[in-house]
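Okay, so here's the structure we're looking at.
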Amino acid sequence: MIITLTILASVVSIYLSACRYFRFHRLKYILHKYNHVRLDYQKALEISRIQVLYDFPYITELSVSFALFKTYGIPSISRLLAKTNQLAHIETAGRRAEDTSILLAECFVNDLDSSRAQMAMARINYLHSLYKNSISNDDMLYTLSLFILEPIRWAKKYEWRSLVPIEQEARFIYWKEMGERMGIKNIPLTLNDINKWSIDYEVKYMIYSKDNQICGEATLALFLSFYPDCMQKFARKILISLIDERLRLSMGFEEVPHWIKQVTTRLLRIRAFLLRHCVLPRFYPTTRGQVTPSCPMTKDGRYQRTGYIFEPWYMKETWFNTMLPFIRKQPSSKYKSHGFKTEELGPEKFSGLDTQVSFRIDLASQHVNNRIEQENKNAWGSTFDLNKHMIGPQNLSGKSVFDISPLNGFIPAGSKKQLTVIFSPDHDSDFFSDLVHITISEQPVKLEFRLRGSGRQNTMYIRPLDNANVIQKSLLPNISDAVTMQMQTIDPNEKGLPNNIVVILCAQMVNGKYVPAQRELMIGCAGITTGSKRNGEYTFDNLKDINTEGFNIDNPKSSVEMGTEKAVKITWTPPSSFDINEACRATITVTTKGDISRTWRVILVGYVDSTSSADKRSSRVTKNRQTLAASTRSHASTVGTSQRLPIQQENTTDNNNTT
């Protein structure tokens, strides 16, 4: 007997220790992973799922139900609900509660950016839009605040532990994201702010009205439908004891004895004690079968739930749930046991109507404010940065280079809308770019994608391999300005924009020896529109003029097949007598033949970057500020030329160093 009791005591002790360890295991995981991490709505959702689906499913569900119940204490909310008969009668109150639960759960148990969550959000916004003239932003914000705050308050009073600050913050961040996607404005920026706002709103607007009482009685009857008739009177008093005094008065409910409040509170706290010390945590989430793996789509595109809150709407009929004699409400065709489609959720008169969402497309380039940053929008040249500038050069006519059709419309549920992008450049550029915003059902969160394109007026074109970005690490600080000026000069005999290509080559001097610099030009043939000729041709002229300065082109004459590009390598090896304090510039012309013949001017600039140890030591003593002399800023001709660019030295010596 003693041995048996010892074994039993050991087993109980081990079990209680396991309960204690595993009960707080998920909380420790949250604190370890997220305590020093900046939360976004996705991380907040993961934290909230652990709290709602594993740790507090019952109290969270009960508190959210009472949060919705609490909104009926605001006359402006209950007036609309009573007018639409959605909560004025128990026959419709159950389905409305289940539909609301499903739509919110679709966003919560699935990823917020998943197709199921987006469809649920579109349905929520669609149903709200039907009453947009009757629902104020403050009423929407108050409802949102209760979904955030009530579970926190109920957990503190009735659960086996309170929510820690990071869980409270996660709940706020997730529901704030939900509110923004629902188009709710002026959402407070912190949890404390929304708590204060919600309390102030209640004090000001939660007063008695007949509509409050109608909605409250219908919902209370829905809660009581679980209990046998002989228990409903006592159960009513227990339910009323759970609401605060202001809400009770606003709904006109009778006052319950104080001892019932004490009994209710103590029963819930006994439950919390047993859960904390004597019960292992859940190993599976409480999702009511709304997660994709446990709730797959049926052949006719519906979803069937595995659980419910008030009434078994959309639950699959099984031998188990239809044979239980003590369940008053069982899944059946009355409750649409064949499942639900998101577009059918909501009031019956809107059931079966496709949830069509509206869309509107905006091109960023069509907004004047977005063009202020581009004072010279059609002459980006080498200054355009694809990572910095979302809007590239537009047409010379001032019109956007991209267009999309249609720009607005509606998309029925389950269908798609094809957008046609029209690209119509009126000049050459590799940097055409625009940002597209798509607004769905007037939600504040917009979808975005980038349009980029290259346009050619003629079939043959030349572009640097690195998009002609002349910003280089250079010993010549002002070399970019000088090169840009040379590139933008226009010969009086030329018409239109100059066909200038700038190539900067930086050779290295390592231990007294030059390491040649190499760059590439891409010469392409976009297509031939006339005649039977399929290839383009190019020829570099006046090679001798650049060879004397050390520049060399490996393939100066060749053909290019239509739809392809050919890389032409340019090498610069400084002559042995070259002064590293100078830079040289050479110009060569390239003739391309495709649908038309065209002459290009390629400006080659070479300089030396010394990386020897001796040069590094001397640079610590004296800093050389080197600028290109103003005399080099002459017009470049269209024939091959070469020119030395003298460097003007301005020496400044550090005050703290001695030479």
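The values are calculated or read from the model by the stated rules, or taken from the named source; none is laboratory data. All values reported here derive from a predicted model rather than from experimental measurement. Note: ideal-geometry Cβ built from the backbone for every residue, glycine included; neighbour counts use all protein chains shown.
List of remarks:
Conditions (1) among the acidic types (Asp, Glu); (2) under 17 Å from Ile90 (Cα atoms); (3) touching a Leu at 6+ places or on another chain (Cβ under 7 Å), marked per residue:
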{"residue": "Lys196", "(1), (2), (3)": "no, no, no"}
{"residue": "Ile199", "(1), (2), (3)": "no, no, no"}
{"residue": "Asp211", "(1), (2), (3)": "yes, yes, no"}
{"residue": "Leu222", "(1), (2), (3)": "no, yes, no"}
{"residue": "Leu249", "(1), (2), (3)": "no, no, no"}
{"residue": "Glu254", "(1), (2), (3)": "yes, no, no"}
{"residue": "Pro257", "(1), (2), (3)": "no, no, no"}
{"residue": "Leu268", "(1), (2), (3)": "no, no, no"}
{"residue": "Leu275", "(1), (2), (3)": "no, no, no"}
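- Pairing each residue of the stretch 98-111 that is not assigned by TED's automatic domain parsing to the domain that holds Asn125 with any residue that is assigned to a loop (DSSP other than H, G, I, E, B), provided the two are 6+ apart or on different chains, yields no C-beta distance under 6 Å.
- Applying the criterion of being touching a strand residue (DSSP E or B) at 6+ places or on another chain (Cβ under 8 Å) and at pLDDT below 85 to the residues of the stretch 563-584, the residue that is surrounded by the fewest Cβ atoms within 10 Å (Cβ to Cβ) is Gly563.
- Positions within the stretch 499-539 being under 18 Å from Ile596 (Cα atoms) and either at pLDDT 80 or above or touching a Gly at 6+ places or on another chain (Cβ under 7 Å) (or both), in sequence order: Ile523, Gly524, Cys525, Gly527, Ile528, Asn535, Gly536, Glu537, Tyr538, Thr539
- Count of residues meeting criterion [of a type in the set (Gly, Ala, Ser) and closer than 23 Å to Gln42 by Cβ] in the stretch 130-154: 1
- Qualifying residue in the stretch 246-266 (condition: under 27 Å from Arg49 (Cα atoms) and surrounded by 14 or more Cβ atoms within 10 Å (Cβ to Cβ)): yes
- Those residues of the stretch 11-69 which are touching a Cys at 6+ places or on another chain (Cβ under 9 Å) and within 30 Å of Leu239 (Cβ to Cβ), in sequence order: Phe69
- Residues that are among the β-branched types (Val, Ile, Thr), at pLDDT 85 or above and more than 34 Å from the chain's Cα centre (by Cα) number at least 3 in the following helices (runs of 4 or more DSSP H) confined to the stretch 1-118: 2-23.
- Look at (1) under 45 Å from the mean Cα position of the chain (by Cα); (2) of a type in the set (A, V, I, L, M); (3) at pLDDT 80 or above and you find that Val483 fails only one, number (3).
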